[in-house]
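Peer 1: Sending over a structure as structure tokens; questions will come in a sec.
Values in this text are rule-based calculations from the coordinates and carry no lab data. Keep in mind that what you see is a predicted model, and the values were worked out from it rather than measured. Every residue, glycine as well, gets a Cβ built from its backbone with ideal geometry; the counts of neighbours run over all protein chains shown.
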Number of protein chains: 2
Amino acid sequence: MSSLIIHGGVGTISNKKELLEKIHVILKEGSEMLSSGASAVDVVEYCVIRLEDDEFFNAGKGSVLNEGGSVELDAAIMSGDFLMAGATAGVRGIKNPISLARTIMEKSEHVFLVGAGAEDFAGSHGLKKMPDSYFVTSKRVEQWEAAKSAGVTTLDHAEKGDSEKKYGTVGAVALDDKGKLAAATSTGGIVNKKFGRVGDSPIIGAGVYADNNTCAVSATGIGEHILRTVLAKDIADRVRFEGMTAQEAAQKGIDYLVEQVDGKAGVIVIDKNGKCGVSFSTPDMVYGGVCNGITMET
Amino acid sequence: MSSLIIHGGVGTISNKKELLEKIHVILKEGSEMLSSGASAVDVVEYCVIRLEDDEFFNAGKGSVLNEGGSVELDAAIMSGDFLMAGATAGVRGIKNPISLARTIMEKSEHVFLVGAGAEDFAGSHGLKKMPDSYFVTSKRVEQWEAAKSAGVTTLDHAEKGDSEKKYGTVGAVALDDKGKLAAATSTGGIVNKKFGRVGDSPIIGAGVYADNNTCAVSATGIGEHILRTVLAKDIADRVRFEGMTAQEAAQKGIDYLVEQVDGKAGVIVIDKNGKCGVSFSTPDMVYGGVCNGITMET
């Protein structure tokens, strides 16, 4: 048996039907890979690549624009085997940041590479590059112009007049038939961001965590809230120390986030038994899952 | 009652006596501040500023040099009040990165700012800048030249021919007389580092964590090991979920690090009752502490 959950962000989501259709197509592909014996880490990378390549999600192509009108990308991946992890932040021109994160995990002696140095590493390992024009969509330019003229820097993926509509990040968690867990998260961050702001997505223990002995977690939402509560590790430690299932730990983790920092976020969790958990403190979350053969209702 | 522990790194330490003398001078100053009613966050910032300003420690002035022969600094601070946190990585020319981290915590809406953006933020908030020449010492130039000619990128603070002598980072944890905890960590990273590598020091939950309900933690050692185990949060969760004291949690956290990733690191921990914990998997650690009025033996 195996399990897979993928998500496309949290918030108030106007085009949910359309996003869910996309999620379910990718979910089906990923589930078939798992059924054919693919590893959890291959499947979460694959699903996140598909979400990065789809301009409707805030990761890879179609990401939100920073203060300078550019796309800067963050991603992280973790394998439950030996707590191996790779992460990158503030990179430009890399088609699939999640593959860069995986290459860092497997080919470097480091865990976290940022900025121009990470881009150099990507170049020396043959990661696919794309020109700026590939990433920037007209919808994002409109959104960025609206944010700039309003002087707003923290809204994400929002439409005009709505300052907290959707926190776009994508992610995937999986358990494969060998009992291995993996998690992956990727994002373009927040609209009109400045000051080299890094959120939770590339931070091991915050936006992503996986340990074969407990669970795999991918988080999305207001990055600062997730960073301060170290949310993914918090959830994994509830499984470890309190013996919770994925759903119990997801719910308790989100309760803790709300109680401690009045936080807005959502999480997807798969535990070592393939059980699934989803919880969020925002109005809605776009996700889909297949858990030990059973498709989750969304 | 109040408690304070400060550290100056782990490894095999040849000049321990000299470093301990410096640690004890700063420890005395910090303890007097706490006795006079200073807040934990003020005291950990003060102690780390003193360590950054001393060129014998790998933080601020006298930091190790990166691949380009420059000093790039990382730091983070966390207040146990409401899990407030600030962090910065890859900044140049900022005299006291720990003060930048605190300014990010208090004056920005973000938690983590990196690189040129963080330097811009520092400039707009009046943080003191210094020219490159201030940070670079002749000892570090010699060390860097040796590392470059040996093609080594991961050794830190080591002397010639010794690839893992000392992992330099500085840190402080404190409990003040109002029951508030704080933690701070600062580093120049690893000798001859490249690719925009970020270690554990500026990562909330890895190199630093503080929660008034559990404990304050500062970690040092091989950053990748600390990142993969999310060590500071791991220790805090042992206090929270297993009811451990600072010493029990420090020891179990280091045991976990060794067992999971064969990790090399050290931690200083103060719990909400002012009890102290120190543990390390390296040959030695430079630290000093005053715990509920009693000076720790080192």
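Peer 1: Near residue A:275, which lysines are there with a Cα under 20 Å away, not counting those fewer than 8 places off in the same chain?
Peer 2: Counting by Cα, and skipping residues close in sequence, residue A:275 has these lysines nearby: A:28, A:178, A:180, A:233, A:252.
Peer 1: While we're looking at this one, here's another question. Looking only at other chains, what is the average number of their beta-carbon atoms within 10 angstrom of each beta-carbon in A:217-224? Display every interim value, and only then the final one.
Peer 2: Working: counts 0, 0, 0, 0, 0, 1, 3, 7.
Taking all residues of A:217-224 together, the mean is 1.
Peer 1: Tell me the distances, shortest first, between residue A:179 and the same position across the other copies, using label points 7 Å along Cα→Cβ, in nm to one decimal.
Peer 2: So the label point of residue A:179 gives 4.4 nm to the other copies.
Peer 1: A further question on this structure: How would B:7, A:225 line up from fewest to most surrounding beta-carbon atoms within 10 angstrom?
Peer 2: Exposure proxy ranking, most exposed first: A:225, B:7.
Peer 1: Based on DSSP, what percent of beta bridges with both residues in the protein assembly as shown are antiparallel, to the nearest 5?
Peer 2: 95 percent
Peer 1: Can you list the lysines whose alpha carbon is less than 18 Å from that of residue A:95, not counting same-chain residues fewer than 8 positions off?
Peer 2: A:61, A:128, A:129
Peer 1: If you don't mind, another one. Which distances in nm, rounded to one decimal and ordered from shortest, link the label point of residue B:242 to the equivalent label points in the other identical copies, with labels set 7 Å from Cα toward Cβ?
Peer 2: Sorted ascending, the copy-to-copy spacings read 1.7 nm.
Peer 1: Order by neighbour count: A:29, A:224, A:21, fewest other Cβ atoms within 10 Å first, most last.
Peer 2: In order of increasing Cβ crowding within 10 Å: A:21, A:29, A:224.
Peer 1: If you build a Gaussian network model of chain A, linking Cα atoms that sit under 10 Å apart, which residue out of A:269, A:41, A:217 swings the most?
Peer 2: For chain A, modelled as a Gaussian network with Cα springs under 10 Å, the answer is A:41.
Peer 1: Continuing with this model, one more query. State, as an integer percentage, the relative contact order of region B:7-80 based on alpha-carbon contacts under 8 Å between residues 6 or more apart.
Peer 2: 19 percent
Peer 1: Size of the protein assembly as shown along its principal axes in angstrom, Cα-based, largest extent first?
Peer 2: For the protein assembly as shown, the Cα extents along the three principal axes come out at 65, 46, 46 Å.
Peer 1: Right, something else. Let's test this: bin the Cα-Cα distances of region B:42-110 at 10 Å from zero up to the farthest pair and state each bin's percent.
Peer 2: Result, from short to long distances: 22, 51, 23, 4 percent.
Peer 1: Taking the Cα atoms only, what angle lies between the long axis of helix A:138-150 and the longest principal axis of chain A, rounded to 10 degrees?
Peer 2: Taking the Cα atoms of chain A, the angle to A:138-150 is about 70 degrees.
Peer 1: Using Cα-Cα distances under 8 Å and only pairs 6 or more residues apart, what relative contact order does chain B have, in percent? Before the final figure, lay out the partial values.
Peer 2: Working: 850 pairs, mean separation 76.4, N = 298.
Dividing the mean separation by the residue count of chain B yields 26 percent.
Peer 1: Taking the label point 7 Å from Cα in the Cβ direction, how far apart in nm is residue B:68 from each other copy of itself, listed shortest first?
Peer 2: In ascending order, 1.3 nm.
Peer 1: Got a sec to turn the phi values of region B:45-59 into Karplus ³J(HN,Hα) couplings, 6.51 cos²θ - 1.76 cosθ + 1.60 with θ = phi - 60°, whole Hz, x for Gly and Pro?
Peer 2: So the J values, rounded to whole Hz, are 5, 4, 4, 6, 4, 4, 6, 5, 6, 8, 6, 6, 10, 7, 6.
Peer 1: I've got another one for you. Would you look at the GNM of chain B, springs on alpha carbons closer than 10 Å, and say which of B:172, B:183, B:206 moves the most?
Peer 2: Residue with maximal mean-square fluctuation among B:172, B:183, B:206: B:206.
Peer 1: Which Cys in chain B stand alone, with every other cysteine's Cβ at 4.7 Å or more from theirs?
Peer 2: Result for chain B is B:47, B:215, no neighbouring Cys Cβ within the cutoff.
Peer 1: In Å, what is the Rg of the alpha-carbon atoms in chain A, and how long is Dmax?
Peer 2: Here Rg and the maximum Cα pair distance are 17.1, 52 Å.
Peer 1: Between 0 and 90 degrees, rounded to the nearest ten: what's the tilt of helix B:115-124 against the longest Cα principal axis of chain B?
Peer 2: Here the helix axis deviates by roughly 70 degrees.
Peer 1: If you plug each phi of region B:178-191 into the Karplus form 6.51 cos²θ - 1.76 cosθ + 1.60 with θ = phi - 60°, what whole-Hz ³J(HN,Hα) values come out, in order, with x for Gly and Pro?
Peer 2: 9, x, 9, 9, 8, 9, 9, 9, 8, 7, x, x, 10, 4
Peer 1: Let me ask something else. Would you please give the residues with an amide H less than 5 Å from that of residue A:282, counting only those at least 5 places away or on a separate chain, with H modeled from the backbone geometry?
Peer 2: Here A:265 satisfy the definition.
Peer 1: Another question, then. Among B:276, B:215, which comes first, second and so on when ranked by fewest other beta-carbon atoms within 10 Å?
Peer 2: By the 10 Å Cβ count, ascending, the order reads B:276, B:215.
Peer 1: Based on DSSP H runs of at least 4 residues, each adding -39500 (n - 2.57), what is the mean residue ellipticity at 222 nm of chain A after dividing by all its residues, to the nearest 500 deg cm²/dmol? Write down the numbers at each step before the final one.
Peer 2: Working: 9 runs with 107 residues, N = 298.
Rounded to the nearest 500, the figure is -11000 deg cm²/dmol.
Peer 1: In units of 2.2 N^0.38 Å, what is the alpha-carbon radius of gyration of region A:187-298?
Peer 2: Ratio of Rg to 2.2 N^0.38 Å for region A:187-298: 1.03.
Peer 1: Sort the following peptides by mean Cβ neighbour count (other Cβ atoms within 10 Å, averaged over residues), highest first: A:188-201, B:81-94.
Peer 2: A:188-201, B:81-94
Peer 1: Non-local amide H neighbours of residue B:65 (under 5 Å, H modeled in plane, Pro and chain starts lacking H): which ones?
Peer 2: Hits under the 5 Å cutoff: B:192.
Peer 1: So what's the angle, to the nearest 10 degrees on a 0 to 90 scale, between helix A:97-107 and the longest Cα principal axis of chain A?
Peer 2: Relative to chain A, helix A:97-107 is tipped by roughly 60 degrees.
Peer 1: Using a 10 angstrom cutoff on alpha carbons, build the Gaussian network for chain A and name the most mobile of A:223, A:68, A:171.
Peer 2: Among A:223, A:68, A:171, the largest GNM mean-square fluctuation belongs to A:68.
Peer 1: Within a 10 angstrom radius of each residue's Cβ in A:84-93, how many Cβ atoms of other chains show up on average? Whole number is fine. If you can, show how the numbers build up before the last one.
Peer 2: On the way: counts 2, 5, 0, 3, 3, 6, 6, 1, 0, 0.
For this peptide, the per-residue mean of nearby foreign Cβ atoms is 3.
Peer 1: Short version: ³J(HN,Hα) in whole Hz for each residue of region B:67-84, in order, from phi by Karplus 6.51 cos²θ - 1.76 cosθ + 1.60 (θ = phi - 60°), x for Gly and Pro, what are they?
Peer 2: After applying 6.51 cos²θ - 1.76 cosθ + 1.60, I find 3, x, x, 9, 9, 10, 10, 10, 7, 8, 9, 9, 9, x, 6, 6, 6, 6 Hz.
Peer 1: Right, something else. Considering Cα pairs under 8 angstrom that are at least six residues apart, work out the relative contact order of region A:145-298 and quote it in whole percent. List each step's numbers first, then the result.
Peer 2: On the way: 337 pairs, mean separation 27.0, N = 154.
Result for region A:145-298 is 18 percent.
Peer 1: Given 25 °C and 0.890 mPa s, compute D for region B:37-186 with the Stokes-Einstein relation, Rh being the Kirkwood radius over Cα pairs; round to the nearest whole µm²/s.
Peer 2: In µm²/s, the coefficient is 155.
Peer 1: Restricting things to alpha carbons, find the Rg to Rh ratio for region A:169-214 using the Kirkwood radius for Rh.
Peer 2: For region A:169-214, the value is 1.11.
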